[in-house]
Structures are given as structure tokens and as C-alpha cells.
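Asker: Structure incoming, see below.
The values are calculated or read from the model by the stated rules, or taken from the named source; none is laboratory data. Note that this is a predicted model, so its numbers are computed, not measured. Cβ: placed from backbone, ideal geometry, glycine included. Neighbour counts: every protein chain shown. Only protein heavy atoms, including side chains, enter the accessible area calculation; ligands, DNA and RNA are left aside. Shrake-Rupley method; radii C 1.70, N 1.55, O 1.52, S 1.80 Å.
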Amino acid sequence: MAAAAAKPKTPKKKYYAVRNGRQTGLLETWAACRASIQGYPNAIYKSFFTREEAEAYLSAGDATPKLDGATALTAYVDGSYMSGKRRIGFAAVLLKNGETLQPISGALTDPSLLPFRNVAGELAAAMRAMQYAVQHGEPELIIWHDYEGIAAWCTGAWAANTAVSQAYRDYYLSVKDRLTVEFRKVRGHSGNLFNDMADELAKAAALGER
């Protein structure tokens, strides 16, 4: 009598713990993990055979410690567009050691930038904040933003497909070895004092009032 064929072994299930990626946390399939980490700069993840081990790894601490907002240079950035004026305004409200510094604001009138409307202003504000930090020898910068692209084009979560986003991303890449930038999201028009200040300054610049 012929011996029964051996049953193929079922691969043991793995759990994927992503600390730094497009989607962080516990993921249960390699496909989901790969989508989170593939092409993502400085992705950090590990696989485990038990959920408990994966959760312990995630709870052990953030792989990218938060900068201290009390000591790091902080910028709240915003942009605005006034079609009637054909001007794009940008503004960054700067804080250091609990004090508000002279804000940065201005207007863009280059016709090639006008189709990008307030997005061009948002990016200009973030880039001016980085430039200020570099010029003043600041090693760390926290950028509070309400437009997701401010962070996503720098981290690689979004592909930079336009000249404006490419120039912004390339500037960030040129300074990231000298300046640690942390991006934090703030909801627009939510009553945040400094975000509202940046919004008003950007509007005034777009109107030609600054």
C-alpha cells in the first residue's frame, strides 16, 4: 500500500509591526506592510510570529523621538491665494523658548506659480522657515502645518510630480543633514492662535497689505 503523501506545511502566520512608514502600527499581512514601507525613507519595521511580541515592540517606544517644543525652533506655516490680485501669500509664525519671533511673510507673483494657488504659498512658508533655521544655526525645527503635502513631499509619502513640489522637496533634502525637521499636523481654522496668525499674515500678503 502506497504511503500517504505528506501534507504541505502551512506557513506560520506573521505579524508586522511598523514604527516608521506610511501606515504605522500592527499590520497582519506582508502586502499591507510592504505598501507601508516600500520606498518610504528610513522605514522601520519588524516581523513577529505572535501578536503579543509585535505589540510589545510597538509599545517599547517611538523610533523617532519627538523634538522638544519648548526648546526647538517652531514655525506655524500657511499660504493664501487671491485670484483678483494674482498674488500668492505665505507666512510663518516663529517661536523660540516660548517667545514669538519676527514672523516671515511675503507674496509670490510669478505667473508660473499662480496655478498652484495657496499650495505654492504653503510650501514657500515651510521652506522660508527651514531657511531661517539654517541661517541662524538652529539644529532643530518643528513645522506645524494644516496642508498634508508639507510633510508628505519631504518624507516621500507623496511623489513630487510638479516643479513646485520638486523644488520644495529638493530644498528639504539639501538641508536635512544639517537640520532636523519634525512635521506636526494642525487642523486649519480650529482656533489655534499661531496657526490663525499665520493664516491672517498670509492673507494680508496675498492682498498686498504687507
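Asker: Restricting to segment 169-201, name every residue that is over 20 Å from the mean Cα position of the chain (by Cα) and within 19 Å of SER105 (Cα to Cα).
Answerer: Hits for segment 169-201 are LEU193, MET197, GLU200, LEU201.
Asker: I'd like to know if segment 181-204 contains one or more residues that are outside any strand (DSSP E or B), at pLDDT below 95, over 25 Å from ALA70 (Cβ atoms) and of a type in the set (Lys, Arg).
Answerer: no
Asker: Return the residues of segment 183-210 that are open to solvent by less than 20 Å² (accessible area, probe 1.4 Å) and not polar (S, T, N, Q); say none if nothing qualifies. I'd like the intermediate steps shown before the answer.
Answerer: Initially, segment 183-210 is screened for residues open to solvent by less than 20 Å² (accessible area, probe 1.4 Å), giving 186, 195, 198-199, 202, 204-206.
Listed by number, the residues that qualify are VAL186, ALA198, ASP199, ALA202, ALA204, ALA205, ALA206.
Asker: Being within 14 Å of the chain's Cα centre (by Cα) and aliphatic (A, V, I, L, M) is the filter here; which residues of segment 130-168 pass it?
Answerer: Correct list: MET130, LEU141, ILE142, ILE143, ILE150, ALA151, ALA152, ALA157, ALA159, ALA160.
Asker: If we keep just the residues of segment 43-67 that are at pLDDT 75 or above, touching a strand residue (DSSP E or B) at 6+ places or on another chain (Cβ under 8 Å) and among the acidic types (Asp, Glu), which is nearest to ALA120 (Cα to Cα)?
Answerer: If we take residues in segment 43-67 being at pLDDT 75 or above, touching a strand residue (DSSP E or B) at 6+ places or on another chain (Cβ under 8 Å) and among the acidic types (Asp, Glu), then GLU55 is nearest to ALA120 (Cα to Cα).
Asker: Could you tell me how many of the residues in segment 130-163 are touching a Gly at 6+ places or on another chain (Cβ under 7 Å) and either within 21 Å of ASN195 (Cα to Cα) or aromatic (Phe, Trp, Tyr) (or both)?
Answerer: 3
Asker: Considering each residue of segment 164-180, count those that are surrounded by 17 or more Cβ atoms within 10 Å (Cβ to Cβ) and in a loop (DSSP other than H, G, I, E, B), and give that number.
Answerer: 1
Asker: Given the conditions (1) more than 30 Å from LYS12 (Cβ to Cβ); (2) in contact (Cβ under 8 Å) with a residue 40 or more places away in the chain; (3) assigned to a helix (DSSP H, G or I), report the number of the one that TRP153 does not fulfil.
Answerer: The failed condition is (2).
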